[in-house]
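These notes are about the structure you will find just below.
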């Protein structure tokens, strides 16, 4: 496996999603690059990870989720009014699930036909 695949698969996109969204909210600005950047990373990482085994893909995804949760605890305040009704950690896990499902769809679509 190439080092670029490992780096991109472990990049904490769910954390960055909420970090950018929350800081844009605090600055009273629109998070314009949130959705396009999220989709771009889903496509890029999905294509890069299409040739690895599903078990390894899921292991990297779980590790990426754990890294995102750790970074979220360090850098994002658990603002009850912004992350209601579930909280910051559940919001990060939810976006992580959406991210992993999106990558799985891209992996499935871009797989080479045997």
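The values are calculated or read from the model by the stated rules, or taken from the named source; none is laboratory data. Note that this is a predicted model, so its numbers are computed, not measured. Backbone-built Cβ (ideal geometry, glycine too); neighbour counts: all protein chains shown.
Listed by first and then second residue, the pairs linking a residue in the range 69-86 that is surrounded by 13 or more Cβ atoms within 10 Å (Cβ to Cβ) to a residue that is in a loop (DSSP other than H, G, I, E, B), with Cβ atoms under 6 Å apart and 6 or more places separating them unless they lie on different chains, are 71/12. All conditions but one from (1) in contact with a helix residue (DSSP H, G or I) (Cβ under 8 Å, 6 or more places away or on another chain); (2) without any contact (Cβ under 8 Å) to a residue 24 or more places away in the chain; (3) farther than 27 Å from residue 108 by Cβ; (4) surrounded by 13 or more Cβ atoms within 10 Å (Cβ to Cβ) apply to residue 34; the one that does not is (3). Of the helices (runs of 4 or more DSSP H) lying entirely inside the range 1-83, those carrying at least 2 residues that are closer than 15 Å to residue 95 by Cβ are 13-26, 34-48, 54-75.
Show the residue pairs meeting these rules: Cβ distance below 9 Å; 6+ apart or different chains; first residue within the range 88-103 and on the phi > 0 side of the Ramachandran plot and in contact (Cβ under 8 Å) with a residue 40 or more places away in the chain; second residue crowded, with 17+ Cβ neighbours inside 10 Å and part of a helix (DSSP H, G or I). Filtered contacts from the range 88-103: no entries. Could you pull out the residue among 9, 104 that is surrounded by 15 or more Cβ atoms within 10 Å (Cβ to Cβ) and at pLDDT 95 or above? Exactly one residue qualifies, and that residue is 104.
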